[in-house]
């Protein structure tokens, strides 16, 4: 693997922005979409639990239903892929046991050999209330969102994270409670329109000297 140079890395980060207007006629290729899906799957999470699930809203009718509950943001209907990043609401002992069994299978070891690790995870997770576990899990979901946006930028694919939506309405339309998940944040994915004025605006960021302190 050849790493990016520091200049290349900063070029990618300066190119990326929260796309406000997507080109509805340009679609992300199946090859690139599969790569983005795999990148999300490889996202880090606390204990590696992966307390998330992702809904790809491909149906134009469903997107239209979601639009009025998304502050009318047209990215929802115009982007190539619309992703609803959900947090699991069932992080409990059976969920942890399933994770341990999956880890053992993938690593070619026994679940007994992971018993010590399982006990640590169970003790930590079950020390929280149900609502605390959901908040904690939601933070992990945002890690996956960042991995998605960074990976997309490396492929010169545009994204726009969206928190401006009514989670309860999304839940009803997409039948999320039955799946034991809740919508946490969304992301529109595709390619910017030439009409998006935000593409050429200078980024408004504080200088490094103001946001870093070395001790």
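The values are calculated or read from the model by the stated rules, or taken from the named source; none is laboratory data. As the structure is a computational prediction, the values presented were derived from the model and not from experiment. In this analysis, Cβ positions are derived from the backbone assuming ideal geometry, glycine residues included, and neighbour counts consider all displayed protein chains.
Just a few scattered comments:
- Yes/no for residue 44 being under 27 Å from residue 205 (Cβ atoms), without any contact (Cβ under 8 Å) to a residue 40 or more places away in the chain and not in a helix (DSSP H, G or I): no
- Pairs where the first residue, in segment 70-87, is buried (at least 18 other Cβ atoms within 10 Å of the Cβ) and the second is modelled with pLDDT of 95 or more and assigned to a loop (DSSP other than H, G, I, E, B), C-beta under 6 Å, 6+ apart: 70/165; 76/70; 78/24; 80/27; 80/28; 81/28
- Where a residue in segment 92-113 is in contact (Cβ under 8 Å) with a residue 24 or more places away in the chain and its partner, wherever it lies, is part of a loop (DSSP other than H, G, I, E, B) and surrounded by 10 or more Cβ atoms within 10 Å (Cβ to Cβ), with Cβ under 6 Å and at least six apart: 99/49
- Per-region count, segment 162-215, residues part of a loop (DSSP other than H, G, I, E, B), in contact with a helix residue (DSSP H, G or I) (Cβ under 9 Å, 6 or more places away or on another chain) and farther than 23 Å from residue 27 by Cβ: 4
- The lone criterion from (1) within 25 Å of residue 32 (Cβ to Cβ); (2) not in a helix (DSSP H, G or I) left unmet by residue 147 is number (2).
- Residue within segment 58-72 that is at pLDDT 95 or above, assigned to a loop (DSSP other than H, G, I, E, B) and in contact with a strand residue (DSSP E or B) (Cβ under 6 Å, 6 or more places away or on another chain) present: no
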